[in-house]
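First up is the structure itself, then whatever we jot down about it.
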2 protein chains.
Amino acid sequence: MKRMLISETPEHIGESVRLSGWVHIRRDHGKLIFIDLRDRSGIVQAIIVPDHTEAYETAKGIRNEFVIDMEGKVKSRPGGANNDKISTGGVEIEVERLKILSVTEGTLPIDPSADIDDVKLHTLLDNRQLSLRNGKVNAIFRVYSTLLRAYAKAMTQDGFLEIKSPKILNAATEGGANFFKIKYFDRSAYLAQSPQFYKQAGVGAFERVFEIGTVFRAEPHFTTRHVNEYTGLDAEMGFIENFSDVMDELEKTMMSIFSDLRKDCVTEFALHGAEFPAEVSIPRLKLTEALHILEKNYGKTMADGEIDIDPEGERLIGEYAKKEYGSDLLFLTHYPTAIRPFYVMPNEDPQFTDSFDLLFRGLEIASGGQRIHNYEQLVKNIQAHGLNPDDFKHYLDNFRCGMPPHGGWGLGSERIVQKLLGLKSIKEAILFPRDVKRLVP
Amino acid sequence: MKRMLISETPEHIGESVRLSGWVHIRRDHGKLIFIDLRDRSGIVQAIIVPDHTEAYETAKGIRNEFVIDMEGKVKSRPGGANNDKISTGGVEIEVERLKILSVTEGTLPIDPSADIDDVKLHTLLDNRQLSLRNGKVNAIFRVYSTLLRAYAKAMTQDGFLEIKSPKILNAATEGGANFFKIKYFDRSAYLAQSPQFYKQAGVGAFERVFEIGTVFRAEPHFTTRHVNEYTGLDAEMGFIENFSDVMDELEKTMMSIFSDLRKDCVTEFALHGAEFPAEVSIPRLKLTEALHILEKNYGKTMADGEIDIDPEGERLIGEYAKKEYGSDLLFLTHYPTAIRPFYVMPNEDPQFTDSFDLLFRGLEIASGGQRIHNYEQLVKNIQAHGLNPDDFKHYLDNFRCGMPPHGGWGLGSERIVQKLLGLKSIKEAILFPRDVKRLVP
């Protein structure tokens with residue numbers, strides 16, 4: 001008999017089926033043995049009675065997380081709806097044949113069937129092989145997978161070509177401190193901390209490109225929103241009029257993602273008690289306006305009158321956007337030249353740039369803007385930032401060959417999921433996160 | 001006026017339109033200036049007559065690869081079909097307004113409008129910013145992008161969850177020589193040369209997973225089929241009966257990819273004079289059978305009677321599969337234990353493994369098979385391979401918690417495109433390839 005998924009069983013009441021999966025919970029009631037069987041589609045209750053001698057003898061030795069294979073009859077089970085994943089509470093399986101495919105060794109450090117909200121993050125991460133089997137944790141990665149598909153879909157529909165840019169670079173020119181150094185045969189090289197230069201090169205050939213790729217950041221941060229390796233959702237588009245075109249495209253992309261999540265991730269959001277983000281027009285505030293609002297409404301000022309915003313400021317202005325505009329997202333625009341890289345297009349007022357950050361529920365999830373496309377202007381701006389144009393020869397080659405006005409963004413995939421589901425740390429949204437201390441599992 | 005794509009112009013004959021793009025070719029005929037304008041959708045001829053004084057004066061200064069913006073009338077152009085991309089030969093544009101958005105600097109080292117079949121590979125790669133604008137080269141990456149989407153689609157439809165696994169590892173246990181070493185804060189780490197251990201961990205939580213991710217290989221190869229950084233298309237699936245299930249799934253995936261390519265990449269294949277692969281059942285030959293055929297039909301033997309196959313053998317047996325079975329693909333199965341990693345499931349005959357390679361037009365594009373899922377067996381096999389189980393603690397943790405019978409594959413995305421389009425080197429199928437000598441651009 002061919003294996004069936006648990007989610008398909010309600011359509012086969014009265015029939016014999018074969019199921020395989022993990023023992024989520026094993027319970028005994030008198031002489032009956034109950035097993036909640038878990039597969040990728042859901043959880044169902046199975047009953048083993050002493051009459052089926054062989055199955056019953058096998059069941060006696062079964063413990064949580066054993067992998068088993070069974071055949072049995074699907075029975076309707078009125079009133080039953082008792083699981084944390086996908087409800088198959090309407091049926092149960094009367095087991096006739098039972099086989100153990102795989103056993104567990106020793107005591108399991110985490111019980112995936114338990115509520116693990118109070119388990120410490122490092123314990124969850126140290127025992128990823130088990131915490132990922134918990135319904136709520138598992139759901140995070142179903143949402144994550146949906147996000148990846150939704151992003152690629154939105155981009156492809158709008159004529160963006162998917163590219164893969166190199167992660168090993170010969171030089172760490174764009175701010176040396178953030179780069180991991182590698183030994184590359186008989187010389188040194190560096191891990192890419194963004195696909196910035198390469199996606200711009202992509203514009204010269206394909207006009208519109210996007211990349212879903214690994215980003216490496218050698219920053220010694222210890223926060224709930226930083227990791228040293230993450231997956232960036234990048235895009236770059238040519239023939240824009242100004243940087244509003246870039247925000248328009250990113251806004252459209254986010255709405256498309258939200259719409260796909262609302263369709264595909266109802267169970268996952270419910271498990272986390274998470275609300276789908278509002279699908280409303282994203283407000284756009286100049287950074288200076290935002291700082292003014294923070295001072296006026298929240299009494300919050302930046303040290304030394306600096307024109308920049310810190311995480312607390314982002315959280316508060318995010319609250320403001322939700323209250324005033326009903327929006328979970330907020331564009332902050334026109335960041336000062338001093339705190340943006342050399343390739344960002346200066347505003348008419350040269351103190352500022354045609355750039356933006358996108359906040360989601362008070363956390364920066366994207367940075368973007370228009371880029372300089374004129375060769376001479378770019379060379380001058382490299383110099384104005386105290387850098388040497390000779391170090392950027394290959395990057396500059398693009399601008400010697402005719403580059404259209406263009407702009408784009410870098411979006412952090414894990415931060416989106418963190419804020420979608422209200423996770424305390426970004427590390428909960430990564431299968432096997434990497435930070436200053438953590439390189440295993 | 002809003003910019004229109006060139007591919008849309010044939011539906012707007014007699015109307016005024018605005019177009020933007022690159023000057024593919026500029027030609028003068030008497031007093032008329034002709035420009036072949038190129039954008040991401042195609043190429044169209046534009047004519048500038050002296051009557052439109054301002055546009056004409058601007059056009060005089062225009063050279064190949066300038067970025068321009070124009071308005072003009074769409075006219076039908078009988079008999080015209082003269083471009084190497086997407087045919088808009090049926091129309092031409094009578095230019096009324098013309099603006100230069102961006103100029104070129106100095107002499108262009110490559111002319112993207114020329115036939116560059118005879119340009120040397122290193123010249124194409126050194127000047128990627130221009131070679132990518134050539135119609136034929138550009139088409140490679142449209143095929144590549146279609147492949148990525150098609151793979152993700154096929155996997156998602158069959159219940160595989162997309163994951164992202166870490167690329168920075170704490171140890172280079174699975175064969176130290178292939179790993180790049182990195183400086184990770186105050187210690188050493190290594191770049192992942194496959195997501196093998198992590199996708200297996202994924203099976204424990206999600207049953208079926210796939211990953212599209214960067215793979216780093218520190219192999220000092222100088223061949224047409226090796227690079228040091230590539231994009232792997234990995235998959236791993238639980239609850240298999242045997243390794244035929246894995247081949248069945250990979251076969252289904254390849255056919256789904258071929259079918260999508262046939263739908264979406266007609267122009268690109270035509271440009272390369274490439275044939276779509278046959279959509280036929282993939283023959284499966286034991287490696288020993290293949291070696292027997294090579295000896296009998298081609299007089300080819302391996303040195304010292306070794307049970308392995310070299311690139312020439314793969315090429316010849318690929319020819320054989322095409323001739324005998326009409327198939328561009330071929331599974332070779334049952335590789336010897338001695339040349340497969342410790343995690344591969346031994347065959348009933350312990351000299352061999354339940355593993356396979358997939359050849360495409362005579363080139364290995366995938367390796368896969370069933371994996372050992374039993375903890376004790378895995379520990380023993382690690383030892384049998386002369387390795388220390390203590391070095392695999394985190395990997396082994398998965399097998400202490402109940403792992404189903406499972407298997408999977410690693411597929412090289414760039415090799416598929418190389419063979420699809422008949423490219424001489426894998427490097428032609430990578431935007432910015434990395435080899436022992438090349439780290440730029």
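Would you mind computing the Rg to Rh ratio of the protein assembly as shown from its alpha-carbon coordinates, Kirkwood style for Rh? If you can, show how the numbers build up before the last one.
On the way: Rg = 29.1 Å, Rh = 29.5 Å.
Radius of gyration over Kirkwood radius for the protein assembly as shown works out to 0.99.
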Cβ-placed point charges (K, R +1; D, E -1), dipole of the range A:207-321 about Cα centre in debye, nearest 20: 340
What's the local net charge at B:L121, with K and R +1, D and E -1, over the other residues with C-beta under 9 Å away? +2
Based on the mean of other Cβ atoms within 10 Å per residue, sort peptides A:408-420, B:341-353 so the most packed one is first. A:408-420, B:341-353
Sequence-distant residues sharing a close amide H with B:I365 (under 5 Å, placed H): B:L358, B:L359, B:F360
Once you average over the residues of B:407-420, how many Cβ atoms of partner chains fall within 10 Å of each Cβ? 0
Would you mind ranking B:T58, A:T301 so that the residue whose beta carbon has the fewest other beta carbons within 10 Å leads the list? A:T301, B:T58
Expected sort for A:276-285, B:162-171 on mean C-beta neighbours within 10 Å, highest first, is B:162-171, A:276-285
If one puts a single equal scatterer on every Cα of chain A and applies the Debye formula without solvent, what log₁₀ I(q)/I(0) results at q = 0.09, 0.10 Å⁻¹? -0.70, -0.81
Specify the inter-centroid distance of the range A:120-136 and the range A:367-416, based on alpha-carbon positions, in whole Å. 41
Nm distances between the label at B:K183 and the same-position labels in the remaining copies, 7 Å along Cα→Cβ, shortest first? 1.2
Remind me, relative contact order of the range B:6-102 in percent, using alpha carbon pairs under 8 angstrom and six or more residues apart? 34
Percent of beta bridges antiparallel (DSSP, the protein assembly as shown, rounded to nearest 5): 90
Please give the FRET efficiency for B:E312 paired with A:N297, using the beta carbon to beta carbon distance and R0 = 51 Å, rounded to the nearest 0.05. 0.10
For chain B: relative contact order, % (alpha-carbon pairs under 8 angstrom, 6 or more apart): 13
Amide H contacts under 5 Å for A:N64, restricted to residues at least 5 apart in sequence or on another chain and with H modeled in the peptide plane, are A:R26
Pairs beyond 18 Å (Cα-Cα), from A:K323/A:K424; A:K2/A:K73; B:K2/B:K60: A:K323/A:K424; B:K2/B:K60
Please list, in chain and number order, the residues 5+ apart from A:R438 or on another chain whose amide H is under 5 Å from its amide H, with Hs placed from the backbone. none
Candidate lysines - alpha carbon under 25 Å from B:K393, same-chain residues fewer than 8 apart omitted: A:K120, A:K427, A:K437, B:K164, B:K167, B:K181, B:K183, B:K199, B:K380
Under the Karplus relation with 6.51, -1.76 and 1.60 and θ = phi - 60°, whole-Hz ³J(HN,Hα) for the range A:405-417, x at Gly and Pro, equal x, 7, x, x, 8, x, 10, x, 5, 6, 5, 4, 5
Give me B:R38, A:R77, B:R27 ranked fewest to most by other Cβ atoms within 10 Å of their Cβ, as a rough exposure proxy. B:R27, A:R77, B:R38
Per-residue ³J(HN,Hα) for the range A:113-118, Karplus 6.51 cos²θ - 1.76 cosθ + 1.60, θ = phi - 60°, Hz, x for Gly and Pro: 7, 8, 6, 10, 4, 9
What length, rounded to one decimal in nm, is gained on full extension from A:Q157 through to A:T288, with 0.36 nm per residue of separation minus their alpha-carbon distance? 43.7 nm
Relative to the longest principal Cα axis of chain A, at what angle does helix A:196-206 sit, 0 to 90 degrees, rounded to 10? 90
Along the range A:104-112, Karplus-curve 3J(HN,Hα) (6.51, -1.76, 1.60; θ = phi - 60°) to the nearest Hz, with x for Gly and Pro, reads 9, 10, x, 7, 7, x, 9, 9, x
On a 0 to 90 degree scale, rounded to 10, what angle separates helix B:243-264 from the longest Cα axis of chain B? 0
Placing the label point 7 Å from Cα along the Cα-to-Cβ direction, what are the distances from A:K296 to the equivalent spots in the other copies, shortest first, in nm to one decimal? 8.8
What's the average, rounded to a whole number, of partner chain beta-carbon atoms within 10 Å of each residue's beta-carbon in B:154-166? 5
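What is the mean number of Cβ atoms from other protein chains located within 10 Å of the Cβ atom of each residue in peptide A:139-148, rounded to a whole number?
That works out to 4 on average.
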Placing the label point 7 Å from Cα along the Cα-to-Cβ direction, what are the distances from B:N374 to the equivalent spots in the other copies, shortest first, in nm to one decimal? 7.3
State the residue of chain B whose Cβ is nearest the axis carrying B onto A, and the distance in whole angstrom. B:I182, 2
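Bear in mind that the values in this text are calculations on the coordinates, not laboratory data. These numbers come from a predicted model, not from an experiment. Every residue, glycine as well, gets a Cβ built from its backbone with ideal geometry; the counts of neighbours run over all protein chains shown.
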